[in-house]
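First the structure, then my questions, so here it is.
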Amino acid sequence: MEHNKTFYSKEMMTKHGPLIIEGPVQARLLENYEFHKDLVAFRIPQEQHKAIVEIASLPEGRIIIARQNNMIVGYATYVYPDPLERWSEGNMDNLIELGAIEIIPQFRAQGVGKNLLRVSMMDDQMEDYIIITTEYYWHWDLKGTGLNVWDYRKAMEKMMNAGDLTWYATDDPEISSHPANCLMARIGSRVSQDSIQQFDQLRFKNRFMY
């Protein structure tokens with residue numbers, strides 16, 4: 001499958017001034033932007049900056065960013081699922097994962113996440129993909145947001161809905177290990193019935209639960 005990437009950009013106003021939401025951003029551009037010190041959800045900022053540059057260099061990799069001038073204050077990543085996860089077992093070249101979405105505390109609860117997702121879906125090639133995201137409550141910033149697990153889950157689902165991702169059932173053990181965890185997905189309008197069937201088989205390994 002050929003991975004064509006069309007760049008889109010939009011401006012949004014926040015209470016801390018305007019932000020540019022744009023992408024997929026090329027690796028060389030990402031290297032030249034500063035990476036905010038509060039982007040610490042997954043690893044230390046310098047390492048995460050390097051990681052998103054590497055993702056942007058991959059044929060299927062997509063990085064959508066929120067930036068204020070030259071400073072990245074939020075981002076979303078799209079890449080093939082981790083080889084250790086069940087979602088990679090079908091070797092589907094049209095299944096990509098929304099692997100991470102992170103926004104610094106200063107810009108949260110202002111629609112930045114929703115706009116990262118909306119800009120992601122502006123590219124027509126997204127109609128060729130099944131896009132998944134796996135949500136685990138232990139990754140959520142419950143302390144920083146002051147939300148409980150269920151309110152956070154509700155807010156997260158609402159944000160994902162902005163990118164047309166909806167809840168899908170699965171018997172994946174990690175997801176099933178807590179009722180707040182979930183699988184969400186968006187199936188593009190040009191995805192074949194065969195690919196949808198393959199995705200269903202990945203969702204349910206224990207057929208009796210299907």
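The values are calculated or read from the model by the stated rules, or taken from the named source; none is laboratory data. Just so it is clear, the model here is predicted, and its values are computed rather than measured. Cβ coordinates were reconstructed from backbone atoms using ideal geometry, including for glycine residues, and neighbour counts include every protein chain displayed.
Of everything in segment 1-30 that's surrounded by 11 or more Cβ atoms within 10 Å (Cβ to Cβ) and among the charged types (D, E, K, R), which residue is nearest to the chain's Cα centre (by Cα)?
So the residue we want is GLU22.
Follow-up question, since we're still on this one. Of all residues in segment 1-30, count the ones that are under 17 Å from ARG118 (Cα atoms) and either among the aromatic types (Phe, Trp, Tyr) or part of a loop (DSSP other than H, G, I, E, B) (or both).
Count: 6.
Give SER189, SER195 a once-over and let me know the one that is of a type in the set (S, T, N, Q) and loosely packed, with under 14 Cβ neighbours inside 10 Å.
Exactly one of SER189, SER195 is of a type in the set (S, T, N, Q) and loosely packed, with under 14 Cβ neighbours inside 10 Å, namely SER189.
Oh, and also: Using the structure shown, decide if TRP140 is more than 19 Å from GLU60 (Cβ to Cβ), loosely packed, with under 15 Cβ neighbours inside 10 Å and of a type in the set (A, V, I, L, M, F, W, C).
So TRP140 does not fit the description; no.
So, one more: Taking the options ILE132, ILE64, ILE72, name whichever one is β-branched (Val, Ile, Thr) and out of contact with any helix residue (DSSP H, G or I) (no Cβ under 7 Å at 6 or more places or on another chain).
ILE72
Mind checking which helices (runs of 4 or more DSSP H) fall wholly inside segment 80-188 and carry at least 3 residues that are more than 28 Å from HIS3 (Cα to Cα) and touching a residue at least 12 places away in the same chain (Cβ under 8 Å)?
Result: 149-161.
Please find, within segment 31-72, the residue that is nearest to the chain's Cα centre (by Cα) out of those that are in a loop (DSSP other than H, G, I, E, B) and of a type in the set (Lys, Arg).
Per the criteria, the residue is ARG43.
Would you check which residues across segment 160-174 are of a type outside the set (Asp, Glu), surrounded by 16 or more Cβ atoms within 10 Å (Cβ to Cβ) and more than 12 Å from THR133 (Cα to Cα) and list them?
Across segment 160-174, the qualifying residues are ALA162, THR170.
Give segment 1-57 a look and list any residue that's out of contact with any strand residue (DSSP E or B) (no Cβ under 6 Å at 6 or more places or on another chain), β-branched (Val, Ile, Thr) and more than 22 Å from ALA109 (Cβ to Cβ), or say none.
Within segment 1-57, THR6, ILE44, VAL53 meet the criteria.
Which one of these is of a type outside the set (A, V, I, L, M, F, W, C) and modelled with pLDDT of 95 or more: TYR129, TYR152, TYR137?
Criteria check complete, one pass: TYR129.
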